[in-house]
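Everything on this sheet refers to the single structure shown next.
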Amino acid sequence: MTPLHDLLVRRITTGGPITIADYMGECLLHPEHGYYSTRDPFGTGGDFITAPEISQMFGELLGLALAQCWLDQGQPETFTLAELGPGRATLMADILRATQKVPGFHDAANVVLVEASDHLRKVQRQTLSPHPATWVDSAADLPDAPLFLVANEFFDALPIRQFTRDGQGWREHLVTTDGQALSLKLGAPLPIGALDHRLGDTTQGDIVELCPMAGGITGALTSRIKAKGGAAIVIDYGNWRSLGDTLQAVKDHKPQDPFANPGDADLTAHVDFGELAQAGRDVAVTPMTPQGVFLERLGITARAQQLAAPLTGDALQNHIAAHRRLTHPDEMGSLFKAIAFHPRGRPAPPGFDQ
Ligand code: SAH
């Protein structure tokens, strides 16, 4: 039993069952016992590995894609180069390295990182040093300036609510306890306005998910892009419409019961790209594009061949495996998707077929 488990059992015993969103919020970001508040979970020695940790190619290509957008939009002389949920900041470090030779780009860029975990902010500061950066708590705090932003595996870490269809209503999945273990129960059937649009494409017993924070965060990005210019590229696992239970816990690279060790395992859910596109409709939204296709269009194979040239033995095999892992449909190539937001009437970022 984790310390957070005991706190949650006491909270639910006194106050009644909580939503899965409340549960996830506590598990991930409780100031003392939350998963991201207490550790650096990335890499082979951690619990999971993300695309920028697999290969430098991922961040390099994203960096050049953002730089191309900046050029396409007339090189605004000061802009925010931002990332949501930077983890170890490996992605931002690769973006900065790859864009070093784009004339004027670094001079115009103010690096701003949206990060909730103080622990990870320290790791990020170290990774990026000596490059200056500032940190903000939420997307709403980003500067009022042209915004060129990436978010990789950020939206999957946001709390979701889960519902089962019952007639014309929905029964919410709630976390409860018998005083010892945590378990799930279904709430009473209720109409849920935010799910009205799902009454047409679901039937009795279907499970759907809602991410209450996703819309507000997307809106904070797209209102800046609309007013000041810029672009946001979001990459994550998920699909166009949420269907089914996608809540998952991972510890030491292995799946776990999401209710077994609160605070000690990563908890995520698939991203509903339709929800993001809907929230960002004030600006132009690109088609949702599989990661493998997106990276191929950005030239990952040419870059992989260039990096392979001096390599031999294990280093070469690892490099080939990393390229495959990022792009192949059996690995991250089709489960992960990319989508981008950009001003109407301006070119989409490279890699998105318009
Ligand atoms: N983008 C990184 C890591 C993704 S993990 C990579 O590709 O490697 C999720 C990141 O989002 C972590 O840095 C976590 O601390 C941060 N995070 C999670 N919820 C957040 C929230 N509500 N606000 C800000 N940051 C958050």
Have a look at Pro349, Asn239, Ala181 and report the one farthest towards the positive end of the charge dipole of the chain, computed about the Cα centre with Cβ charges (Lys/Arg +1, Asp/Glu -1).
Pro349
So how far apart, in nm, are the two label points at Lys101 and Thr14 if each is 7 Å from Cα heading toward Cβ?
6.1
I want to make sure I understand the PRE zone here: with the label point 7 angstrom from the Cα of Asn239 toward its beta carbon, which residues in the range 254-272 have backbone N atoms less than 13 Å away?
270-272
Starting from the Cα of Lys101, draw a straight line to each of the aspartates and glutamates and keep only those under 17 Å, dropping any in the same chain fewer than 8 residues away.
Glu60, Asp72, Glu77
Are any of the pairs Lys226/Lys254; Lys122/Lys254; Lys228/Lys251; Lys122/Lys185 more than 32 Å apart by Cα-Cα distance, and if so, which?
Lys226/Lys254; Lys228/Lys251; Lys122/Lys185
How many angstrom separate the Cα center of the range 259-327 from the Cα center of the range 60-77?
19
With Gly85 itself left out, Lys, Arg at +1 and Asp, Glu at -1 over residues whose Cβ is under 9 Å from its Cβ give -3
Where nothing but the Cβ of Lys and Arg (+1) and of Asp and Glu (-1) is charged, how large is the charge dipole of the chain around its Cα centre, in debye to the nearest 20?
620
Determine ³J(HN,Hα), in whole Hz, for all residues of the range 264-277 in sequence, where each value follows from phi through the Karplus function 6.51 cos²θ - 1.76 cosθ + 1.60 and θ = phi - 60°; x replaces Gly and Pro.
10, 10, 6, 10, 9, 9, 5, 8, 8, 5, x, 5, 5, 4
First measure r as the distance between the Cβ atoms of Leu7 and Leu311, then evaluate 1/(1 + (r/R0)^6) with R0 = 45 Å and state the FRET efficiency to the nearest 0.05.
0.40
Straight-line reach check, Lys337, cutoff 21 Å on alpha carbons, 8 or more apart in-chain or any other chain, hits among lysines -> none
Relative contact order computed over the chain (Cα-Cα under 8 Å; 6+ residues apart), in percent
20
Amide H of Ala116 versus every other amide H placed in the peptide plane: which residues, excluding those fewer than 5 positions away on the same chain, fall under 5 Å?
none
Could you state the angle between the C-alpha long axis of helix 313-327 and the longest principal axis of the C-alpha atoms of the chain, as a value from 0 to 90 degrees rounded to the nearest 10?
60
So if we plug the beta-carbon distance of Thr203 and Arg125 into 1/(1 + (r/R0)^6) with R0 = 45 Å, what FRET efficiency do we get, rounded to 0.05?
0.35
Under 5 Å between amide hydrogens, which residues at least 5 positions from His270 or on another chain qualify, with H placed 1.01 Å from N in the peptide plane?
Thr246
With no solvent and one equal point scatterer per Cα, compute the Debye intensity ratio I(q)/I(0) for the chain at 0.11 Å⁻¹ and report its log10, rounded to two decimals.
-0.76
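Using 0.36 nm times the number of residues separating Thr134 and Asp72, minus their current alpha carbon distance, what extension gain do you get?
Full extension from Thr134 to Asp72 adds 19.7 nm.
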In degrees from 0 to 90, rounded to the nearest 10, what is the angle of the helix 212-228 Cα long axis to the longest principal axis of the chain?
30
Taking 7 Å along the Cα-to-C-beta vector as the label spot, tell me the Asp144-Thr38 distance in nanometres, rounded to one decimal.
4.1
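Every number in this text was worked out from the coordinates using simple rules, so none of it is lab data. Predicted model only: the values in this text are computed from it and were never measured. Note that each Cβ is placed from the backbone with ideal geometry, even for glycine, and that neighbours are counted across all protein chains shown.
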